[in-house]
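Notes follow the structure.
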Amino acid sequence: METVETDRLHIKWDDQSQTTLWCILKNNWNWNDLAAAIDSASKTVEGMPHNIDLIIDMQGTVKIAPNAMSQLLTLAKRHPGNLRTIVFVTESTTFASLFSVIGRISRRAKAFYRLALNQSDALQITQKDRNGSGTGV
């Protein structure tokens, strides 16, 4: 997968070893954009011989899109086997509350989703998960 950039999102590899994939959402994204990005990332990840972490940077997001909870639960169900962790980067307390609820109602989401306040924290979370010391939402 090459770098993908549209007016709503930017997808790129963080490193040459292709272990971390970034999806940076711009303020005007919608759930279809995110679903398409994760579908594209999933197809890429399924063909890789190693585990991948996906970081979804939502820092530019101002509001929660309609049906956020059902969309996030659906995304957790479509999680490919070698996609280890999905880290959502956001400072929004509303998103944090939403993820807390999702973690309580879906074991699958709790196993894969993480929250970070910034990009640096997101990378630290993926490193901890690679080392086996991370915890879910």
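The values are calculated or read from the model by the stated rules, or taken from the named source; none is laboratory data. Here the structure is a predicted model, which means the values were calculated and not measured. Note that each Cβ is placed from the backbone with ideal geometry, even for glycine, and that neighbours are counted across all protein chains shown.
Table for the structure above
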item	result
Tally of residues being touching a residue at least 24 places away in the same chain (Cβ under 8 Å), within 14 Å of the chain's Cα centre (by Cα) and in a helix (DSSP H, G or I) across the stretch 75-101	5
Residues located in the stretch 47-69, provided they are closer than 23 Å to GLY132 by Cβ and either in contact with a Pro (Cβ under 8 Å, 6 or more places away or on another chain) or among the hydrophobic types (A, V, I, L, M, F, W, C) (or both)	MET48, ILE52, LEU54, ILE55, ILE56
Test: ASN32 is surrounded by fewer than 16 Cβ atoms within 10 Å (Cβ to Cβ), over 11 Å from the mean Cα position of the chain (by Cα) and touching a residue at least 24 places away in the same chain (Cβ under 8 Å)	no
So HIS50, is it out of contact with any Leu (no Cβ under 6 Å at 6 or more places or on another chain) and modelled with pLDDT of 85 or more	yes
Any hit, the stretch 10-27, residues being surrounded by fewer than 21 Cβ atoms within 10 Å (Cβ to Cβ), more than 24 Å from ARG130 (Cβ to Cβ) and more than 11 Å from the chain's Cα centre (by Cα)	yes
